[in-house]
Amino acid sequence: MVDRTSGVPAFRQVATDLRRKIDAGEYAPGAKLPSERELIDTYGVSRPTVREAVNLLRSEGVVDVEHGRGVFVRPPSNIQRLARARLSRDARERNEGAFMAEAKAKGFTAASNVKVRFERADERAAGYLQVPVGTDVTVRDRVMRADGLVAQLAVSRLPRELTRGTAIEKINTGDGGTYARLEEAGHVIGSFAEHVGARMPTPDEVSLLQLAGGVPVLTVTRVAYGTGGRALEMNDIVLPASLYQLSYEWPAD
């Protein structure tokens, strides 16, 4: 039963208790949780309260809801995003840069939907890309999935003068992706910089990432620079905070 005098919303109390039972192994990975009716009787709450609790657990990546079948405990699936060699030339040549490398390391199947469009650089994009406001840019908008579930959103912007006549302006950029095509065109990548933040998601992000209300996202703006210091690409990445662990390693000397 929930404690009505605690000041904690009933749905959060239900979610906390279910999460505790899952962590304790009472409900193992892949196990089906009790039915709505059983949870209503166990906690003495309403159906909407049970559904709010389940939605909270789903948004945290703790359970999967399969309509017509029930609610199942999700196997641990945190994706470690290790900033070390994930964008190395060697990894890119093996077609294992970034998200594909994470998929291989964690054993999930990666897939993405890509849309390509063109726009004028606003003040923010112009600042990162070191170009005048209004410059033509190529935009690659990707929705990335892990085992069929949306795991991250990524929107890359590049000065169009670098992409004209290349596969960067196509859906399929080929092995090695955008960075390989840039280097084939003579724009050798010398370094990357990442700017990490956290915020509440936009309504579109809530829908695409299937987030419950109140769940934050991590943001990473990555800028790729050429060997001469020119900005070649900016990539705005949005990650569900419940799904990712950001890890950074670098030499001490």
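The values are calculated or read from the model by the stated rules, or taken from the named source; none is laboratory data. Given the structure is predicted, the values throughout are model-derived calculations rather than measurements. All Cβ positions, glycine included, derive from the backbone under ideal geometry; neighbour counts span all protein chains shown. Just so you know, the surface numbers come from the protein's heavy atoms only, side chains and all, with ligands and any DNA or RNA stripped out. Shrake-Rupley method; radii C 1.70, N 1.55, O 1.52, S 1.80 Å.
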Looking only at residues that are in contact (Cβ under 8 Å) with a residue 40 or more places away in the chain and open to solvent by 70 Å² or more (accessible area, probe 1.4 Å) in the stretch 1-41, which one is farthest from the chain's Cα centre (by Cα)? MET1
Can you tell me which of (1) at pLDDT 90 or above; (2) open to solvent by 60 Å² or more (accessible area, probe 1.4 Å); (3) touching a strand residue (DSSP E or B) at 6+ places or on another chain (Cβ under 9 Å) is the one ARG145 doesn't meet? (1)
Picked from the stretch 28-55 (must be outside any helix (DSSP H, G or I) and of a type outside the set (A, V, I, L, M, F, W, C)), the residue farthest from LEU211 (Cα to Cα) is GLY44
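Just wondering, is there one or more residues in the stretch 175-195 that are part of a helix (DSSP H, G or I) and among the hydrophobic types (A, V, I, L, M, F, W, C)? It would help to see each step written out before you state the result.
To start, the set of residues in the stretch 175-195 that are part of a helix (DSSP H, G or I) comprises 177-184.
Okay, now just the ones that are also among the hydrophobic types (A, V, I, L, M, F, W, C), so 180, 182.
Yes, there is a match, as at least one residue in the stretch 175-195 is part of a helix (DSSP H, G or I) and among the hydrophobic types (A, V, I, L, M, F, W, C).
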Return only the number of the condition from (1) assigned to a loop (DSSP other than H, G, I, E, B); (2) within 18 Å of ARG124 (Cβ to Cβ) that TYR225 does not satisfy. (1)
Subset of the stretch 12-27 [outside any loop (DSSP other than H, G, I, E, B) and either small (Gly, Ala, Ser) or farther than 14 Å from VAL71 by Cβ (or both)]: ARG12, GLN13, ALA15, THR16, ASP17, ARG20, ASP23
How about the stretch 103-141: which of its residues are assigned to a strand (DSSP E or B) and modelled with pLDDT under 95? ALA110, ALA111, SER112, ASN113
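Determine whether the stretch 226-238 contains at least one residue that is without any contact (Cβ under 8 Å) to a residue 60 or more places away in the chain and either in contact with a Lys or Arg (Cβ under 9 Å, 6 or more places away or on another chain) or open to solvent by less than 20 Å² (accessible area, probe 1.4 Å) (or both). Spell out how you get there, then give the answer.
If we filter the stretch 226-238 for residues that are without any contact (Cβ under 8 Å) to a residue 60 or more places away in the chain, which is where we start, we get 226-229.
So of that shortlist, the ones also either in contact with a Lys or Arg (Cβ under 9 Å, 6 or more places away or on another chain) or open to solvent by less than 20 Å² (accessible area, probe 1.4 Å) (or both) come out as 226.
Checked the stretch 226-238: at least one residue is without any contact (Cβ under 8 Å) to a residue 60 or more places away in the chain and either in contact with a Lys or Arg (Cβ under 9 Å, 6 or more places away or on another chain) or open to solvent by less than 20 Å² (accessible area, probe 1.4 Å) (or both).
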Given the criteria modelled with pLDDT under 90, among the hydrophobic types (A, V, I, L, M, F, W, C), open to solvent by 40 Å² or more (accessible area, probe 1.4 Å) and within 22 Å of the chain's Cα centre (by Cα), does LEU208 qualify? yes
Test: residue in the stretch 55-66 that is farther than 25 Å from LEU149 by Cβ and either surrounded by fewer than 19 Cβ atoms within 10 Å (Cβ to Cβ) or modelled with pLDDT of 95 or more (or both): no
Residue by residue through the stretch 154-202, note down the ones that are open to solvent by less than 60 Å² (accessible area, probe 1.4 Å), in contact (Cβ under 8 Å) with a residue 24 or more places away in the chain and aliphatic (A, V, I, L, M). ALA154, VAL155, LEU158, LEU162, ILE168, ALA180, LEU182, ILE189, ALA193
